[in-house]
Amino acid sequence: MRSRPIGLLLLSLVVTGCAAAPAAAPSSPSTGASTPSKPDVPFDIDGDGVADSLTQRKVKGKWELTVVTASGTARHVFDSAGGPDDPEFAGLAPLDPVPGAEVIYSGPEEGLSYRVLTWRDGGLVAVPSPKGKPNWITGDEFGENTGYAFSVKDGTLKLFTSETGGESAGEVTFVEYAWVSGAWAAQRTWTEILSTEQEASLCATFCGVTMVPLTRK
């Protein structure tokens, strides 16, 4: 069976952010001067400072991701139907303060949402959303949209989510998260009424991080 290398040739394709930068609401607290969070080596999954290789292939009808690091090999079998278009990779990006980049992917069965894998204790494990759900939802059939904006302030990585839509047009719910005991923990929540223009400028997916695009080719 032929493997599909995701490859180290994409190092030159690093882009900062993958959506509009988050806009602070008029009375929301400022996140301060923001510096994009990025690993020193974009394809460093395990955080040892050395680029790792990723390979995807189909095994028994399921897609399997293999990560080869300097210290060993880890495999992850995706929970998907094994169709030709799933899982669809979004890229690599550091989504927490732990060294190493997370693998972000989606599948057609999940709609406007993503799943995240990270390296822990010599293997790949799933990362729940800040709300504790398996999917990092960015949009749904009810018109609700959520953005995940990362910002470094005073040397500390912060996460701000903005949720729009629902029954109240113009109403946006913001949540500030801090990294506590190995997970994102909500620190405070507030709601504001924004104009159409202000809503349009909010973060749409993952913002403030350096995203390295991935493909199966």
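The values are calculated or read from the model by the stated rules, or taken from the named source; none is laboratory data. Since the structure is predicted, the reported quantities are computational estimates derived from the model, not experimental observations. Glycine also receives a Cβ, built like all others from the backbone with ideal geometry; neighbour counts cover every protein chain displayed. With ligands, DNA and RNA removed, areas are computed over all heavy atoms of the protein, side chains included. Shrake-Rupley method; radii C 1.70, N 1.55, O 1.52, S 1.80 Å.
No other residue among Val41, Val14, Val116 is open to solvent by less than 20 Å² (accessible area, probe 1.4 Å) and either modelled with pLDDT of 80 or more or within 30 Å of Leu202 (Cα to Cα) (or both) apart from Val116. Only one entry of Glu109, Glu88 meets the criterion of being at pLDDT 60 or above and of a type outside the set (Ser, Thr, Tyr), and that entry is Glu88. Considering only region 149-165, state which residues are touching a Phe, Trp or Tyr at 6+ places or on another chain (Cβ under 7 Å), without any contact (Cβ under 8 Å) to a residue 60 or more places away in the chain and open to solvent by 20 Å² or more (accessible area, probe 1.4 Å). Result: Gly165, single match. Inspection of region 99-107 identifies no residue that is free of Cβ contacts under 8 Å to residues at least 60 places away in the same chain, open to solvent by 20 Å² or more (accessible area, probe 1.4 Å) and out of contact with any Leu (no Cβ under 9 Å at 6 or more places or on another chain).
Matching residues to (1) aromatic (Phe, Trp, Tyr); (2) under 18 Å from Gly139 (Cα atoms); (3) assigned to a strand (DSSP E or B); (4) open to solvent by 50 Å² or more (accessible area, probe 1.4 Å):
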position	(1), (2), (3), (4)
Trp179	yes, no, yes, yes
Ala186	no, no, yes, yes
Thr191	no, no, yes, yes
Met211	no, no, yes, no
Leu214	no, no, no, no
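For (1) buried (at least 21 other Cβ atoms within 10 Å of the Cβ); (2) not in a loop (DSSP other than H, G, I, E, B), each residue gets a yes or a no:
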position	(1), (2)
Val125	no, yes
Gly132	no, no
Gly143	no, no
Gly147	yes, yes
